[in-house]
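Data block below; observations after.
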Amino acid sequence: MTRISVEQARELWLYAPDEELQRLAQEVRGRWHEREHATYMVMRIINYTNVCVAQCDYCAFYVLPNQNGGYVLSRDEVFAKIDELLEVGGDLVAFNGGFNPKLPLDYYCDLFASVRERYGERVEFYALTVAEFVFLADRAALSYADAAARLRDSGVHWVTGGGSEILTEDFRKRHAKWKYTVADYFEAQRAIVESGMKTTATMVIGFDETLDERLEHLQRTRDFQDETGGLFSFLCWTYKPYGTAFGGTEIPPREYWRHIALSRIFLDNVKHIRTSVLTQNEEAFRALDYGADDFDLPIEDEVTQKAGARIDLDLEGLLEIPRSLGYTLEYRRAERPAAIARA
Ligand code: SF4
């Protein structure tokens, strides 16, 4: 099968039966992965602050700087959360928080250096999302290249493509006009790749985005990967509407599975397609039949939990579900970037 165009993707989405999408997705998946084999990680998202000035209308997590209920986790609280993760067998932390104007880039560099110093290679961490990175670099009046170098030199290996939701300028204006522009997003992500750190692509569906917007997001992601080769994986999850200003309802699992299949087919230059246990729970594993090859089991994420996500801590029970679907599972450690030498 050759690369499909946006028009062909549209046709598939509108008219292909599930079986056809699954067959094509498995064909692309098979270029990298054995048919009945999948990988997973156990991880914890540490939401270090809920103070944020971006005011995205789909977010139930943030408080404004002048409101009650804002917090910043202490260093000891962060360490305690990492220790708990290690105790349950996990080894990946993702830091994610609000755009807190009181926390400058130096604060993050110190935090990440202290995590690296304390845990060494026992824990890998996703330091920030591209969205937070844009905010911090701008506030520090640094170029993206200089900000990326500061993080890398503080022991950071990964800045993920989180906070992307739907990457069209119109979507940004409708829902998150103070967060970043799409042009800034990709410029920042390019600087992250060029610094030697690793990054990923993400997407969130189920707001009010149109099919055209979903396809534009996929097209931009594929173009970026063609140009840089820097995307390790693509993770899509679904919008949780509870407690948000935007509101709405959740999309059904079948729509999610079909979108995973379409993403697998379209993103023929991205090795890993990841399914979201955080937002789809047990239903996430069916996405392995639609072209996904990897997932994580999160033990905490306040951002999505505030909007209705349900965390299941019965990790062995969860792993039995993909096994019952016929998959053999292998634990995957986050890779250290080849461009960053071992200390
Ligand atoms: S989604 Fe992130 S950037 Fe937007 S308001 Fe919530 S915490 Fe802030």
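Quick one: net charge around Y48, please, counting Lys, Arg +1 and Asp, Glu -1 for every other residue with C-beta under 13 Å from its C-beta.
Numbers: positive: R44, R75, K81, K102; negative: D76, E77, D110, E132, E300, D301, E302.
Summing Lys/Arg as +1 and Asp/Glu as -1 gives -3.
Among all cysteines in the chain, which have no other cysteine Cβ under 4.7 Å from their own Cβ?
By the Cβ distance rule, which asks for a partner under 4.7 Å, the isolated cysteines are C52, C109, C236.
Using helices alone, I'd like the mean residue ellipticity at 222 nm for the chain: each DSSP H run of four-plus residues gives -39500 (n - 2.57), total over residue count, nearest 500.
Details: 13 runs with 140 residues, N = 343.
Using -39500 (n - 2.57) per qualifying helix, the result is -12500 deg cm²/dmol.
Just report the Cα centroid separation between region 84-145 and region 22-82, whole Å.
Comparing the Cα centres of region 84-145 and region 22-82, I get a distance of 12 Å.
Give me, ordered by chain and number, the residues 5 or more places off L235 or on other chains with an amide H under 5 Å from its own placed amide H.
A201, T202, M203, R274
Pull out the extension gain between D18 and E117, defined as 0.36 nm times the separation in residues minus the alpha carbon to alpha carbon distance; nm, one decimal. Spell out each step's value before the answer.
Numbers: separation 99, 0.36 × 99 = 35.64 nm, distance 4.83 nm.
Net length gain for the segment: 30.8 nm.
Can you give the net charge of the other residues whose Cβ lies under 14 Å from the Cβ of F112, counting K and R as +1 and D and E as -1? Mind dumping the intermediate values first?
Numbers: positive: R75, R116, R118, R150, R152; negative: D106, D110, E117, E124, E132, D153.
Neighbourhood net charge equals -1.
Which residues make up the longest stretch of the chain that has no chymotrypsin sites (Phe, Trp or Tyr not before Pro) in a DSSP loop with at most 16 other Cβ atoms within 10 Å? Working shown, then result.
Values: sites that count: W32, Y71, W178, Y242, F246.
Excluding the exposed sites themselves, the longest stretch runs over 72-177.
How would you rank T202, T2, T228, T275, going from fewest to most other Cβ atoms within 10 Å of each one's own Cβ? It would help to have the intermediate numbers written out before the result.
On the way: T202 23, T2 6, T228 15, T275 29.
Going from least to most buried by this count: T2, T228, T202, T275.
Given a Förster radius of 45 Å and the C-beta distance between D138 and E27 as r, what FRET efficiency does 1/(1 + (r/R0)^6) yield to the nearest 0.05? Mind dumping the intermediate values first?
Working: r = 42 Å, r/R0 = 0.94.
After rounding to 0.05, the efficiency reads 0.60.
For region 291-303, in order, what is each residue's ³J(HN,Hα) by Karplus, 6.51 cos²θ - 1.76 cosθ + 1.60 with θ = phi - 60°, in whole Hz (x at glycine and Pro)?
Whole-Hz 3J(HN,Hα) from phi for region 291-303: x, 6, 9, 7, 7, 10, 10, x, 9, 6, 7, 4, 4.
First measure r as the distance between the Cβ atoms of V6 and D76, then evaluate 1/(1 + (r/R0)^6) with R0 = 56 Å and state the FRET efficiency to the nearest 0.05. Intermediate values should be presented prior to the final figure.
Numbers: r = 49 Å, r/R0 = 0.88.
Here the calculated transfer efficiency is 0.70.
Among rounded, prolate and oblate, which fits region 288-337 when a ≥ b ≥ c are the square roots of the eigenvalues of its C-alpha gyration tensor, a/c under 1.5 means rounded, and a/b larger than b/c means prolate? Before the final figure, lay out each step's value.
Values: a/c = 1.84, a/b = 1.30, b/c = 1.42.
It comes out oblate by the Cα gyration axes.
Quick one: compute a quarter of the convex hull surface over the Cα atoms of region 124-261 and quote it in nm².
Details: hull surface 35.1 nm².
For region 124-261, the mean projected area of the Cα convex hull comes to 8.8 nm².
Calculate the translational D of region 24-183 in whole µm² s⁻¹ from Stokes-Einstein, where the hydrodynamic radius comes from the Kirkwood formula applied to all Cα pairs, the temperature is 37 °C and the viscosity 0.692 mPa s. Can you show the working numbers first?
Numbers: Rh = 17.3 Å.
Value of D from the Cα-based Kirkwood radius: 190 µm²/s.
What do you get for trypsin sites (Lys or Arg not before Pro) in region 75-153 restricted to DSSP loop and a cutoff of at most 15 other Cβ within 10 Å of the site's Cβ? Walk me through the numbers on the way to the answer.
On the way: sites: R75, K81, K102, R116, R118, R122, R139, R150, R152; in loops: K102, R122.
Those that pass, being in a loop and sparsely packed, are K102, R122.
If you filter region 160-214 for trypsin sites (Lys or Arg not before Pro), then keep DSSP loop positions with at most 15 other Cβ within 10 Å, what is left? Kindly include the intermediate steps, with their values, before the conclusion.
Values: sites: R172, K173, R174, K177, K179, R190, K198, R214; in loops: K177, K179.
Loop-located and lightly packed - K177.
In µm²/s, what is D for the chain at 37 °C and 0.692 mPa s, where D = kT/(6 pi eta Rh) by Stokes-Einstein and Rh is the Kirkwood radius from Cα pairs? All intermediate terms of the calculation are to be shown ahead of the outcome.
On the way: Rh = 20.3 Å.
The estimated diffusion coefficient comes to 162 µm²/s.
If a/c stays under 1.5 just call it rounded; otherwise compare a/b with b/c (prolate if a/b is bigger, oblate if not). Do that for region 1-94, with a ≥ b ≥ c from the square roots of the Cα gyration tensor eigenvalues. Kindly include the intermediate steps, with their values, before the conclusion.
On the way: a/c = 4.40, a/b = 1.71, b/c = 2.57.
In terms of gyration-tensor shape, oblate.
Suppose R0 equals 25 Å. What FRET efficiency, 1/(1 + (r/R0)^6) with r the Cβ-Cβ distance, do Y242 and W178 give to the nearest 0.05?
The calculated FRET efficiency here is 0.65.
By how many nm would the segment from I311 to E36 grow when fully extended, if each residue of separation counts as 0.36 nm and the alpha-carbon distance is taken off? It would help to have the intermediate numbers written out before the result.
Numbers: separation 275, 0.36 × 275 = 99.00 nm, distance 2.56 nm.
Separation in residues times 0.36 nm, less the Cα-Cα distance, equals 96.4 nm.
In whole Å, how far is the Cα centre of region 306-343 from that of region 237-294?
15 Å
From the Cα gyration tensor of region 240-343, with a ≥ b ≥ c the square roots of its eigenvalues, which class applies: rounded if a/c is under 1.5, or else prolate if a/b is larger than b/c, or else oblate? Please report the intermediate quantities before stating the final value.
Numbers: a/c = 1.41, a/b = 1.30, b/c = 1.09.
Rounded shape, in that the Cα axes give a/c under 1.5.
Given the Cα-Cα distance of K271 and S324 and 0.36 nm per residue of separation, how much length would full extension add, in nm? Spell out each step's value before the answer.
Values: separation 53, 0.36 × 53 = 19.08 nm, distance 2.45 nm.
So the chain would gain 16.6 nm between K271 and S324.
Excluding P101 itself, calculate the net charge of residues whose Cβ lies under 12 Å from the Cβ of P101, where each Lys or Arg counts +1 and each Asp or Glu counts -1. Could the numbers behind the result be given before it?
Values: positive: K102, R139; negative: D138.
That works out to +1.
What longest range of the chain stays clear of loop-exposed GluC sites (Glu not before Pro) (DSSP non-H/G/I/E/B, at most 14 other C-beta within 10 angstrom)? Each step should come with its number before you reach the end.
Details: sites that count: E34, E36, E121, E335.
Excluding the exposed sites themselves, the longest stretch runs over 122-334.
All of the numbers you see were taken from the coordinates with simple rules; none came from a lab. As the structure is a prediction and not an experimental result, all values here were calculated from the model. With ideal geometry, Cβ positions are generated from the backbone for all residues, glycine too; neighbour counts draw on all protein chains shown.
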